[in-house]
Amino acid sequence: MSEPALHLSPSPGDEVKRTTCYMCACRCGIKVWVKDGRIRYIQGNRDHPVNQGVLCAKGASGIMQHYSPARLRKPLLRVGERGKGEFREIEWDEALDLATSWLKPIRERNPDELAFFTGRDQSQALTGWWAQQFGTINYAAHGGFCSVNMAAGGLYTLGGSFWEFGEPDWEHTRYLMLWGVAEDHDSNPIKLGLGKLKARGAKIVAVNPVRSGYGAIADEWIGIRPGTDGLFAFALAHELLRMDRVDLDYLVRYANAHWLVIDNPGGADDGLFARDAEGNALCWDAEANAAIDANRIDISPAVVGNYTLPDGRKARPAFQLVADRYLDPQYSPDAVSERCGIPADTIRRIARELAETAFDSNFSLPIAWTDAWGREHSEMIGRPVSMHAMRGISAHSNGFHTCRALHLLQLLLGAVDAPGSFRYQPPFPKPIPPANRPGKARKADGLLDAPPLGFVHGPEDLVVDENGQPRRIDHAYSWAYPLSAHGMMHTVIRNAHAGDPYKIDTLLMFMANMSWNSAMNTRETMRWLTDKDEAGEYRIPRIIYSDAYASEMVAYADLVLPDTTYLERFDAISLLDRPISDADAASDAIRHPVFDPATQLDEDGKPRDVRGFQSVLIELGARLGLPGLVNEDSSPKYRDYADYIIRHERAPGLGLLAGWRGENGQSEGKGAPNPEQLQRYIEHGGFWHAAIPESARYYKMANRDYLQWAQRFGFVPNDAPIVLQLYSETLQKFRLAAQGHGAHQPPEQHRERVATYFDPLPIWYEPFEHDQTSRTTFPLNAVTQRPMFMYHSWGSQNAWLRQITARNYLYLHPDTGPQYGIGDEDWIEVRSHHGAITVQAKFAGNVQPGTVWTWNAIGKRRGAWRLAKDAPEGEQGFLLNHLISDVTPKGDYANADPVTGQAAWFDLRVSIRTLRDVAGESEPQFAPLGFPEASEQPLRYGAGFRKDASGKGSAK
Ligand code: SF4
């Protein structure tokens, strides 16, 4: 009998292309299998450093993102009223001519009349540079409403940060605390890492009011009350100090614990570091009994005490101030327990566990290394306690200081870039603060003196006018939000409508759903976008928007520039932007076109005529004659974005991609542009990866091998140690200005605010909405969580992911519902100081009883995204955004952190009550948008894959 012909492992396609996923910010390597010109299968790339082959549900569903019925087809020009979604299709030439005719006079007249704000894109290295060429200070990406507290808190303290820029030492940590982490950025690396920890028996503690995602597999869940994480961290610090379980050696060697802080209340130097004539910070040497250079290594620095400097001024080591503040009884576990919702004994136990793991483990790695001062060490001493934090910490009006509080805790434990602890990912750590300041002056050719986003070092760097008033349309870098290093996307539309501080002409946005789930005060935002003046003209005169899909924001544009899907264009995941490095290697990556969009028909079978926004931006820049985008003869300098990625140099030899540089492609980091560079990336799986030498992998802030390695790549200017800033002199400079010192002082109305919130040591205060609303009227906290299966509104229109959930509920603890007369699955009213919504409640035990929650960005406006008009996302789905005001309850400032301007999404306080006689529909509802509805035909993707009689599959 002959063997049956078994086809055990048929190839999923005719060809496979290795590129980078864009279904979330994690940027995993993927293999896209193509058959007969269509995607057959998306697979994780085992060779890729980010995900090592792991693919999540979102990544696999990229197929339906690429074939989404909501894809835009051609450039669109508005024909109806703004907000209706009525357009006519136009050709690209007309679209670009129009955009050029709008932008050219602005550039000649006043470039700041262009406000250019981008959403969750990954091309800020280009867009920020483009804004600089245009000359507008009014540029930012979405970080202001996303993560700037985390970024600034970290960069001003450690020179690096959590989020996707650092990671727990997955190989060695024995105790991981996750603070406010839901499924989010760095998704697959975290899953892989948690798997390692579980296999090793390491302890995972999840601190989050909601137990979802990673918290579900944690060994211990701390159901904290929202906004109190800083207080909890202080209580842990209190216990560590009380037990004398802090790493003083680490604090002196790597941080500024011993630097002397001048004690001169009311004086212009109060709270600054005592320095010698060369500007070196001083410490008190206990043996010499004298003030000496704190950076010397042959010293015995005092960390406590009061000292008198040679000039008679009084000073104390920074650590003395730390001890004074956090040993105060107000931060004892008993004092904070009720406010945080954590038993005092639990706080004491966790402090003990942290100390025991950090200090009693006797863990070290037998790796010889040399520190930045030239001292040789035979081993790397471990501190196997690590922390990771995300939006739950960041999105509060006290988030900047909470993030600093977590870093304080890490520093006390000696657990920053030590084996087993939090680790930097290159290009971090950076000098503190990072050197690049925000651009604010224009040169003769209209070029801004620096990219619009940067880091202020003191009041003199603020972007304010001679009266101290904001110069930017979003008020970033003003006295109201001085360290707003990512700009303030969430204030742009209000201010542009109000003409505050001036009127703009054109709002250019990319991939930012600002008329819906990315806006606070959503209803009013829609009104601002459509409001007209007495003459019948829109108050925001022109809106250009680029998106790949028919999102809610598209309806509010005058001109729509249709973007490609992520499988149809080149992208650079650049070390100049948001790289994909890990703690042991620097990495960057590309996306490259798997398909030519012209061959990818739309839902109705028509050819699509779409272009990658980055290439459009480059062409627009050339049409406008922007300095960096044209040659001397005014011809375009770059053919498209791919050409820019290859040939653009930010500094000599430094471009968007670090791999295969130099004429022959042999250089890494720096080198001449290589015309074959993108081809090399494609051949190597779409990424580049340079391992850090073994001796350089820890203590990066003061490891000579690392600093010299990083210098070669342009990550740091020299190999000087980066001193971690337990005490922040930068913050104190602002406080002194508010107290009346120096040439740059805040206007009167901001003085008290700046003096209060620019504390050089971390502080905790009630989130503004908690403080300014009645706890009786609004007794509950309300937060969102990002689901495992959807990243944002892009993902929640995806046909496969919608099958997991197509609507959301408001989740209540089973004990909470009855307190308010609410039963499981009742329809209820949720009210905040700002507004009310009608939603369906569901009981879930995974939430702290004083908090209600829901999934993020599932609710949709009817008619958007080409979903059916009765789609559950529109009928029952909802947004909390309608309850969130864009200003504080007092109305005096943006609903944001007073230091960084970070949007305070999670400060929301609500009341709930049951409703009778509701129609089973969420409220508010808005008029359906005028986009064509999805086809009535059921989605048939994959039906053609069934084998035909010959046993061969077909993708038709
Ligand atoms: S984690 Fe994010 S980038 Fe990675 S496969 Fe999933 S969606 Fe794609």
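Relative contact order of the chain, taken over Cα pairs closer than 8 Å and 6 or more residues apart, is 17 percent. In terms of the Cα gyration tensor, with a ≥ b ≥ c the square roots of its eigenvalues, is region 245-361 rounded because a/c is under 1.5, prolate because a/b exceeds b/c, or oblate? Because a/c hits 1.5 or more and a/b fails to exceed b/c, region 245-361 counts as oblate. Averaged over residues, the count of other Cβ atoms within 10 Å places the peptides 455-464, 893-902, 173-182, 915-924 in the sequence 893-902, 173-182, 455-464, 915-924, highest first. Our estimate of slack between LYS198 and GLU676, defined as 0.36 nm per intervening residue step minus the Cα-Cα distance, is 167.7 nm.
Summing +1 for each Lys or Arg and -1 for each Asp or Glu, what net charge is found among the other residues whose Cβ lies under 12 Å from the Cβ of GLU923? Net charge around GLU923: -1. 3J(HN,Hα) along region 618-634, derived from phi through the Karplus expression 6.51 cos²θ - 1.76 cosθ + 1.60 where θ = phi - 60°, amounts to 5, 5, 4, x, 5, 4, 7, x, 5, x, x, 10, 10, 7, 4, 8, 6 Hz, with x in place of Gly and Pro.
In this view, the solvent-accessible surface of TRP284, computed with a 1.4 Å probe and all protein chains in place, comes to about 30 Å². A crude spin-label estimate for the pair ASP531 and ASP47, with each label 7 Å from Cα along the Cβ direction, gives 5.6 nm. The residue among PHE931, GLN425, PRO818 whose Cα reaches farthest toward the positive pole of the charge dipole of the chain, with charges on the beta-carbon of Lys, Arg, Asp and Glu, is PHE931.
Residue by residue, region 307-316 carries 3J(HN,Hα) couplings of 9, 10, 6, x, 8, x, 6, 8, 8, 9 Hz when phi is fed to the Karplus relation 6.51 cos²θ - 1.76 cosθ + 1.60 (θ = phi - 60°); x denotes Gly or Pro. Positive-end ranking of PHE878, ALA844, ALA904 along the dipole of region 843-912, with charges on Cβ about the Cα centre, is headed by PHE878.
The alpha-carbon of LYS532 sits under 15 angstrom from the alpha-carbons of these aspartates and glutamates, leaving out residues fewer than 8 places away in its chain: GLU81, ASP505, GLU524, ASP558. Among residues other than GLY439 with Cβ under 15 Å from its Cβ, the summed charge is +1 (Lys and Arg +1, Asp and Glu -1).
A helix-only calculation puts the chain at -6500 deg cm²/dmol for mean residue ellipticity at 222 nm, using -39500 (n - 2.57) for each DSSP H run of at least four residues, averaged over all residues. Backbone amide hydrogens, once placed in the peptide plane, bring TRP855 within less than 5 Å of GLN785, TYR809, excluding anything fewer than 5 places away on its chain. For the pair ALA368 and ALA943 in one chain, pulling the backbone fully straight at 0.36 nm per residue adds 201.1 nm over the alpha carbon distance. Which percentage, to the nearest 5, of the DSSP beta bridges contained in region 228-359 is antiparallel? Around 100 percent antiparallel, to the nearest 5. Equivalent ellipsoid of the chain: semi-axes from √(5λ) of the C-alpha gyration tensor, largest first, are 42, 32, 31 Å. Applied to region 418-424, the Karplus parametrisation 6.51 cos²θ - 1.76 cosθ + 1.60 on θ = phi - 60° returns per-residue 3J(HN,Hα) values of 8, x, x, 10, 4, 10, 6 Hz, with x for Gly and Pro. This model, with +1 at the C-beta of Lys and Arg and -1 at the C-beta of Asp and Glu, gives the chain a dipole about its Cα centre of some 1720 debye.
Of all DSSP beta bridges confined to the chain, the antiparallel ones make up roughly 65%.
Once you have a ≥ b ≥ c as the square roots of the Cα gyration tensor eigenvalues for region 471-516, tell me rounded if a/c is under 1.5, and otherwise prolate or oblate according to whether a/b is larger than b/c. Oblate is the answer for region 471-516, as a/c is 1.5 or above yet b/c matches or exceeds a/b. Placing dummy labels 7 Å off each Cα toward the beta-carbon, the span from ALA216 to ARG913 is 3.5 nm. All distinct Cα pairs of region 805-956 go into the 1/r average, and the inverse of that average, the Kirkwood radius, is 18.1 Å.
What shape does region 168-274 have by the C-alpha gyration tensor, where a ≥ b ≥ c are the square roots of the eigenvalues, rounded means a/c under 1.5, and otherwise prolate means a/b greater than b/c and oblate the rest? Here region 168-274 falls in the prolate category.
Sorting 622-628, 870-876, 303-309 by their mean Cβ neighbour count within 10 Å, with the most densely packed peptide first, gives 870-876, 622-628, 303-309. Distance between the 7 Å Cα→Cβ label points at ALA691 and ASN110: 5.7 nm.
So the label point goes 7 Å from the Cα of GLN772 along Cα→C-beta, right? Which residues of region 379-397 then have their backbone N under 12 Å from it? Flagged as within label range: 397. In the context of the full set of protein chains, residues of the chain present 34 Å² of accessible surface per residue (probe radius 1.4 Å, heavy atoms only). Amide H to amide H, with H built 1.01 Å from N, GLY863 comes under 5 Å of LEU929, counting only residues 5 or more places away or on other chains. Here the extension length gained between LYS503 and ASP824 equals 110.6 nm, from 0.36 nm per residue of separation less the Cα-Cα distance. Packing-based ranking of 757-768, 19-30 yields 19-30, 757-768, ordered from highest to lowest mean Cβ neighbour count within 10 Å. In the complete set of protein chains, residue-level accessible area for LEU76 is approximately 20 Å², probe 1.4 angstrom. Between LYS314 and LEU6, the FRET efficiency from the beta-carbon distance, with R0 = 60 Å, is close to 0.10. Rolling a 1.4 angstrom probe over the chain with all protein chains present gives an accessible area of which 47% lies on carbon and sulfur atoms.
The values are calculated or read from the model by the stated rules, or taken from the named source; none is laboratory data. The structure presented is a predicted model; accordingly, all values stated were derived computationally and were not measured. Neighbour counts run over all protein chains shown; Cβ positions are idealised from the backbone, glycine included. Surface accessibility is based on the protein's heavy atoms, side chains included, excluding ligands, DNA and RNA. Shrake-Rupley method; radii C 1.70, N 1.55, O 1.52, S 1.80 Å.
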